[in-house]
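Take this structure, written in structure tokens, and hold onto it; I'll ask about it next.
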Amino acid sequence: VRQLVLGAALAAALCAPALGAAPHRTLTISVDKMSFGPSPPGLRVGDRVRWINKDIFQHSATANDKSFDVDLKAGGQGEIVLKRPGVIAYACRYHPGMKGQLTVAR
Ligand SMILES: [Cu+2]
């Protein structure tokens, strides 16, 4: 247990952001019953967004501007790192009626 704790502390230290910078986080969006959950509040450039597909169908999270395209297998997940601020609309490649958006602050 002690080694695990030390390992976690080391990992945290290695991942620590530069002094003064806000730490980057991973925020999740559920994909359930053929729809994307809302944009998690407070997204910032550098954060990770992870989609968790709870459906028994394959989906994708595909940006309208093609800046990302993530396959989400049934019961699987996928993630991106946010590269730019703004409102980024996305949809599922397999079910074009499935639409979502990310609101990303600088
Ligand atoms: Cu889909």
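The values are calculated or read from the model by the stated rules, or taken from the named source; none is laboratory data. Note that the coordinates shown come from a computational prediction; the quantities given were computed from them, not determined experimentally. Because the Cβ atoms are built from the backbone with ideal geometry, glycine has one as well, and the counts that use them run over all protein chains shown. Quick note on the areas: whole protein, heavy atoms, side chains included, nothing else; ligands and nucleic acids left out. Shrake-Rupley method; radii C 1.70, N 1.55, O 1.52, S 1.80 Å.
Would you mind checking which residues have amide H under 5 Å from residue 100's amide H? H placed 1.01 Å from N; only 5 or more apart, or other chain.
90, 91
Given contacts defined as C-alpha pairs under 8 Å and at least six residues apart, what's the relative contact order of the range 23-106, whole-number percent?
For the range 23-106, the relative contact order is 31 percent.
Right, something else. Under 5 Å between amide hydrogens, which residues at least 5 positions from residue 29 or on another chain qualify, with H placed 1.01 Å from N in the peptide plane?
Those lying under 5 Å, H to H, from residue 29 are 50, 51, 52.
Okay, moving on. Run down the aspartates and glutamates and flag those whose C-alpha is under 19 Å from the C-alpha of residue 33, throwing out any fewer than 8 positions away in its chain.
55, 71
Within a Cβ distance under 11 Å of residue 90, other residues only, what is the Lys/Arg minus Asp/Glu net charge?
Residues close to residue 90 contribute a combined charge of +1.
Quick check for you: which residues of the range 44-78 have the amide N under 17 Å from the point 7 Å beyond the Cα of residue 26 toward its beta carbon?
Answer for this model: 44, 46-54, 70-73, 75-78.
What does the accessible area per residue of the range 64-106 come to in Å², with a 1.4 Å probe and no ligands, DNA or RNA counted? Show your work: numbers first, answer last.
Details: 2650 Å² over 43 residues.
Result: 62 Å² of accessible area for each residue.
Next question. Roughly what would the spin-label model give for residue 50 and residue 33, points 7 Å off Cα along C-beta, in nm?
2.4 nm
Among the chymotrypsin sites (Phe, Trp or Tyr not before Pro) in the range 19-105, which ones are in a DSSP loop with at most 13 other Cβ atoms within 10 Å of the Cβ? Mind listing them?
Passing sites in the range 19-105 are 94.
Scan the range 21-57 for trypsin sites (Lys or Arg not before Pro) in coil per DSSP, keeping those whose Cβ has at most 10 other Cβ atoms within 10 Å, and list them by number.
Those that pass, being in a loop and sparsely packed, are 33.
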